[in-house]
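A.B. asks: The following block contains the structure, expressed as structure tokens.
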Amino acid sequence: MIGVLVVSFFLSAVELSAYRADGFFLREGVFSAAEVAGYRRGACDAQEHAKGLIQAGEAQAQGRKLQHYTLDGNQFTDIDFVTVQLEHGLITQSIRVIEPVNELNETLDNLIDEARLTQPMQQIVGVDELALWTAKLNLKPAREGSGFRWHQDSPYWIHDCDHVDQLPNVMILFDDAHESNGCLRVIRGSHRNGRLPGCEDGSQLQGFFTHPDAFSEQDQVLMEAPAGSVIFFDPHVVHGSQPNHSDTPRRAIIITYQPADYPALKSRVVRPVLKSFNP
Ligand SMILES: O=C(O)CCC(=O)C(=O)O
């Protein structure tokens, strides 16, 4: 008889209660070095694909709509519903974020169906079947990658769905992340009061950044971890990061899931997620 080894990636009761109490949970060594190398290639290809569509005029040739705009002085381009955000500073024209990146790269699209991500997500969302909400590639290039101000994700999404509590994130690290290359930082327990007040600093995006009086920076936890690690975090948890001052990039994808049958944030089309069974 041939035996089949079935591995479970579901969270233990201890892991799940840590996620509920803190608003985040880190698992190290989830993806191997070879897998991570493939995801880095996927990130590189997605970047080249986006640049070709924007700069080489491929978008027009393919009948896709390009829209350029600035928000708080930072440059964005929408290629149909895919948003490409450039690094702040306008010198190198490096790409900072591509969302939803799975539309531009098959390897990164396949990652969405990985049981190592979807089994814990089924538990966190509390359903057997999932759909994709969004997938952001955060590139944070060496020496110029900018930081992300303290924010919650829920204020960005509240206008596009009525189940914002069921939109957990998972960040998959494509490079080792540490303080000097701008690792993710989360405010422990800040998800417990739901949506918090936004800033009032006169910027265009002020409402999306969390008011400094609504949380304490002393509760921040640096998510320093090796490439291949994953960080699950709640849509209400306050998080952000510092610029990348190091000589190495800090690439990562953040995938956000939701219950099945709901449309994705930007395409407004349902992207079903492969169902994963409890062995
Ligand atoms: O990439 C980071 O360090 C933070 C990204 C982030 O906070 C976001 O995309 O919402």
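A.B. asks: For the range 96-172, state what percent of all Cα-Cα pairs lands in each successive 10 Å bin, counting from 0 Å until the bin that includes the largest distance.
C.D. replies: Calculated P(r), rounded to whole percents: 15, 43, 36, 6, 0.
A.B. asks: Under the definition of Cα pairs under 8 Å and six or more residues apart, what whole-number percent is the relative contact order of the range 6-145?
C.D. replies: 23
A.B. asks: What is the Cα centroid distance between the range 1-62 and the range 197-211, reported in whole angstrom?
C.D. replies: After rounding, the separation between the Cα centres reads 30 Å.
A.B. asks: Using 0.36 nm per residue, how much length does the chain from Arg40 to Ala13 gain when fully extended, once their Cα-Cα distance is taken away?
C.D. replies: Extra length available between Arg40 and Ala13 comes to 6.5 nm.
A.B. asks: Here's another thing I want to ask about it. Take the eigenvalues of the Cα gyration tensor for the range 63-220, scale each by 5, and report the square roots as semi-axes in whole Å, largest first.
C.D. replies: So the equivalent ellipsoid measures 24, 23, 18 Å along its semi-axes.
A.B. asks: Run the numbers on the chain and let me know its relative contact order in percent, using alpha-carbon pairs under 8 Å that are six or more apart.
C.D. replies: That works out to 28 percent.
A.B. asks: Of all the C-alpha pairs in the range 158-279, what % are more than 20 Å from each other?
C.D. replies: 55
A.B. asks: Report the calculated FRET efficiency for His159 and Glu28 (r = Cβ-Cβ distance, R0 = 45 Å), to the nearest 0.05.
C.D. replies: Calculated value: 0.80.
A.B. asks: Find how much the distance from Tyr69 to Asp219 grows on full extension, using 0.36 nm per residue of separation minus their present alpha carbon separation; answer in nm with one decimal.
C.D. replies: 50.5 nm
A.B. asks: Quick check for you: with a 1.4 Å probe and neighbouring chains kept, what is the accessible area per residue of the chain, in Å²?
C.D. replies: Spelled out: the 1.4 Å probe surface of the chain, per residue, equals 46 Å².
A.B. asks: Mind putting together the pair-distance distribution for the chain? All Cα pairs, 5 Å bins, whole percent per bin, short to long.
C.D. replies: 1, 6, 12, 16, 20, 19, 14, 8, 3, 1, 0, 0, 0, 0
A.B. asks: Which lysines, if any, have their Cα less than 25 Å from the Cα of Lys275, not counting same-chain residues under 8 positions apart?
C.D. replies: Straight-line reach from Lys275, under 25 Å: Lys136, Lys266.
A.B. asks: Sticking with this structure for a sec: In whole percent, and with a 1.4 Å probe on the protein chains, what portion of the accessible area of the range 181-279 is carbon and sulfur?
C.D. replies: Roughly 48 percent, rounded to a whole number.
A.B. asks: In addition: Roughly how many whole Å is it from the C-alpha centroid of the range 73-90 to that of the range 100-140?
C.D. replies: 22
A.B. asks: Ok, one more. Using helices alone, I'd like the mean residue ellipticity at 222 nm for the chain: each DSSP H run of four-plus residues gives -39500 (n - 2.57), total over residue count, nearest 500.
C.D. replies: My calculation for the chain gives -6000 deg cm²/dmol from helical runs alone.
A.B. asks: Span-like helices, the chain: DSSP H, alpha-carbon axial extent 27 Å or more, mean Kyte-Doolittle 0.5 or greater, which ones?
C.D. replies: none
A.B. asks: Normalising by the residue count of the range 131-252, find the relative contact order in percent from Cα pairs under 8 Å and 6+ residues apart.
C.D. replies: Relative contact order, the range 131-252: 50 percent.
The values are calculated or read from the model by the stated rules, or taken from the named source; none is laboratory data. The shown structure was predicted, so the numbers you read here are calculated from the model rather than taken from an experiment. Backbone-built Cβ (ideal geometry, glycine too); neighbour counts: all protein chains shown. Please note that ligands, DNA and RNA were not included when accessible areas were found on the heavy atoms of the full protein model with its side chains. Shrake-Rupley method; radii C 1.70, N 1.55, O 1.52, S 1.80 Å.
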